[in-house]
Amino acid sequence: MTVAFTLNNREVCSEAGGAERLLDVLRDEFGLTGAKEGCGEGECGACTVLLDGKPVCACLVPLCQVEGCVMLTVEGVADGDELAPLQQALLDGGGIQCGACTPGIVLAAGAHLAECDKPTRAGVNGALAGNICRCTGYERITRSVLAAAKDRELAAAPFVRARRDEPGAEARSAEGDTELSLPATASTTLVAGGTDLLAGGTAAWEGFRRSNAVMDLTRMPALKGVRMAKDHLDIGAAVTFTELRHHPLVCEHLPMLAAVAGMIGARQIQNRATLGGNMANASPAGDSLPVLLALDAEVLVVGAGGERRVPYAEFHTGYRQTILEAGELIKRVLVPLPKPGSRWYLRKVGTRAAQAISKVLFAACFEMEAGAIVRARLAAGSVSPVPLCLRRAAAACATQRPTEELARRVARLARSEATPIDDVRSSARYRSHVLARLVRRAVLSLQA
């Protein structure tokens, strides 16, 4: 297949094959070697490019998904032999040493300057959380970006040109567009953000290329958009975590969901990963999954036999197993609006703040009345083979006031429901201890 897109302000085509990695196509076909092969799993950020103005990891993007897109690599940032202001600032400020990470840092920082009117130290650090530097140290990089930001419009100019306004999918979905294709066969490989499907390095990509058929879910309007219904938010399965993090309806009505969207990977991952993908991947460490359980979400599943609604609490049937039958896919996620006065609690425990797989993630939603808990929904990730509803612990909260005694009792019950394991990230003992501490703190937070 021929894939046409805009590359560094030039219209280009590639016939490398839709299942090829964007990173390989850029380096091997177009000779653009600024994007580096670091980890091959979307963790280091060395292969960062801008796709429609958003930083993504080129090692996780299949070529078929860039059809019609606008792309910027580091080679398109400078004006001929004259460095762009951001590049010059990194050079002047000592933000460059070996240079392997620099192209990705330039693009991630430039995208941030293009979208942020008043850059701050915290904002820059957040924008660069997905870019690992092994030698320079981040302080000089951050100072250099902030120095360039003193004339933000000038510094952002090369990166603003790489943005593409795309109102179509969101607008069509908001109007109720039902355009949707179903997998041609049960063996069809479904791909959305690809941040897990394609994150297994060479073996994952070889399997992807051997697929009999591939279906790109990111361009289906019926899977996009967030809209308000009578008593719930209706969220498309292909909505990205960046969209969830910033969507006004989600921020207003489901702030816990917006908050967890910002905990998943870093910007490059959030720009690609989707809510439906996180669910269908069915990892017990999926960060959004305990939040959906705590919010009592439902899943709208579609297949050849039509649509069906399934309580999300019944969606996971075993380790990386779901109720999805052959040929079915997740269409929408329906999340009830919390009752007035409800309180929520969310904590993720990992090795670092970004790009960390959870050791434990705990989410809770409490319905409150006159200082007492009317109803609670408690859920945890990375403590059992599936995202876990802590039903006994939640039941113990009903009609109770949030005392220290209740907090300890609920924590003991939660610990008894979990069945964590020892693995490379943590021990079962540590996970059990942390879960109990988080549950206790969640109950006590209701005293404030």
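Over the Cα atoms of the stretch 237-283, each weighted equally, I'd like the Debye log10 I(q)/I(0) at q = 0.20 Å⁻¹, rounded to two decimals.
The computed values of log10 I(q)/I(0) come out as -0.57.
For the chain, what relative contact order do you get, as a whole percent, if you take Cα pairs closer than 8 Å and at least 6 residues apart? Provide the component values of the computation, followed by the final result.
Working: 976 pairs, mean separation 48.7, N = 448.
Contact order relative to length: 11 percent.
Quick one: of Lys150/Lys359; Lys54/Lys331; Lys36/Lys150; Lys118/Lys348; Lys54/Lys230; Lys54/Lys348, which pairs are farther than 31 Å apart, Cα to Cα?
Details: Lys150/Lys359 39 Å; Lys54/Lys331 25 Å; Lys36/Lys150 29 Å; Lys118/Lys348 28 Å; Lys54/Lys230 33 Å; Lys54/Lys348 25 Å.
Listed pairs above 31 Å: Lys150/Lys359; Lys54/Lys230.
Using 17 Å as the cut-off for backbone N distance, which residues of the stretch 263-307 belong to the label zone defined by a point 7 Å from the Cα of Tyr138 along Cα→Cβ?
Counting only backbone N, you get 263-270.
Sort Phe30, Phe362, Phe5 by Cβ crowding within 10 Å, fewest neighbours at the top.
Lowest count first: Phe30, Phe5, Phe362.
What is the distance, in nm, between label points placed 7 Å from the Cα along the Cα-to-Cβ direction at Ser181 and at Cys251?
Spacing of the two 7 Å Cα→Cβ label points: 3.5 nm.
Convert each backbone phi in the stretch 47-58 into a coupling constant with the Karplus relation 6.51 cos²θ - 1.76 cosθ + 1.60 (shift: θ = phi - 60°), then list the ³J(HN,Hα) values in order as whole Hz, x for Gly and Pro.
My calculation for the stretch 47-58 gives 9, 4, 10, 9, 10, 6, x, 10, x, 9, 8, 5 Hz in order.
Apply the a/c threshold of 1.5 to the C-alpha gyration tensor of the stretch 343-445 and tell me whether it is rounded, prolate or oblate.
Here the stretch 343-445 falls in the prolate category.
Report the net charge of residues surrounding Val299, where surrounding means a beta-carbon distance below 14 angstrom and charges are Lys +1, Arg +1, Asp -1, Glu -1.
Working: positive: Arg308, Arg309, Lys331, Arg332; negative: Asp234, Asp296, Glu298, Glu307, Glu314, Glu325, Glu328.
In short, -3.
Whole-Hz ³J(HN,Hα) for each residue in the stretch 377-389, computed from phi via Karplus 6.51 cos²θ - 1.76 cosθ + 1.60 with θ = phi - 60°, x for glycine and proline: what do you get?
Whole-Hz 3J(HN,Hα) from phi for the stretch 377-389: 10, 10, 8, 9, x, 6, 10, 6, x, 10, x, 10, 7.
Percent of Cα-Cα pairs per 5 Å bin, from 0 to the last occupied bin, for the stretch 199-287, please list those.
Result, from short to long distances: 3, 13, 20, 23, 20, 11, 6, 4, 1, 0 percent.
Among all helices in the chain defined by DSSP H, which have a length of 18 Å or more along the axis from Cα atoms plus a Kyte-Doolittle mean of at least 0.0?
Numbers: long enough: 102-115 (20 Å, 0.98); 404-417 (20 Å, -0.86); 428-445 (25 Å, 0.04).
For the chain, where a helix must reach 18 Å along its axis and average at least 0.0, the hits are 102-115, 428-445.
For Gln97, what is the net charge nearby, where nearby means another residue's Cβ is under 10 Å from its Cβ and Lys, Arg count +1, Asp, Glu -1?
On the way: positive: Arg134, Arg140; negative: none.
Summing Lys/Arg as +1 and Asp/Glu as -1 gives +2.
Test of understanding: in a Gaussian network model of the chain with alpha carbons linked when under 10 Å, which of Cys133, Cys64, Cys116 would top the mean-square fluctuation ranking?
Cys116
Going by how many other beta carbons lie within 10 Å of each one, how would you line up Lys230, Lys54, Lys224, fewest first? Could you put the intermediate results ahead of the total?
Numbers: Lys230 5, Lys54 21, Lys224 25.
Final ranking by Cβ density, sparse to dense: Lys230, Lys54, Lys224.
Which ordering of Glu11, Glu405 is given by a fewest-first count of other beta-carbon atoms within 10 Å? Working shown, then result.
Numbers: Glu11 8, Glu405 11.
Listing Glu11, Glu405 from fewest to most nearby Cβ atoms yields Glu11, Glu405.
Semi-axes of the equivalent ellipsoid for the chain, please: Cα gyration tensor eigenvalues, times 5, square-rooted, ordered largest first, whole Å.
Equivalent-ellipsoid dimensions as semi-axes: 38, 27, 20 Å.
Measure out, as a whole number of angstrom, how far apart the alpha-carbon centroids of the stretch 272-328 and the stretch 344-420 sit.
A separation of 20 Å, based on Cα centres.
Give me the net charge for the shell around Ala16: Cβ to Cβ below 14 angstrom, other residues only, Lys and Arg +1, Asp and Glu -1. Present the calculation step by step, with values, prior to reporting the outcome.
Numbers: positive: Arg21, Arg27, Arg209; negative: Glu15, Glu20, Asp24, Asp28, Glu29, Glu67.
Spelling it out: positives minus negatives among the neighbours equals -3.
Work out, step by step, the length gained on full extension between Asn125 and Thr189: first 0.36 nm times the residue separation, then minus their alpha carbon distance; give nm to one decimal.
19.5 nm
Quick check on the chain: helices-only [θ] at 222 nm, where DSSP H runs of length 4 and up contribute -39,500 (n - 2.57) each and the sum goes over total residues. Nearest 500, please. Before the final figure, lay out the partial values.
Numbers: 16 runs with 139 residues, N = 448.
For the chain, the value works out to -8500 deg cm²/dmol.
Connecting C-alpha atoms closer than 10 Å in a GNM of the chain, tell me which of Pro311, Pro385, Pro221 has the biggest fluctuation.
Most flexible of the set in this elastic network: Pro311.
Values in this text are rule-based calculations from the coordinates and carry no lab data. Keep in mind the model is a prediction, meaning the values are calculated, not measured. Here the Cβ is made from the backbone with ideal geometry for all residues, glycine too, and neighbour counts use every protein chain on show.
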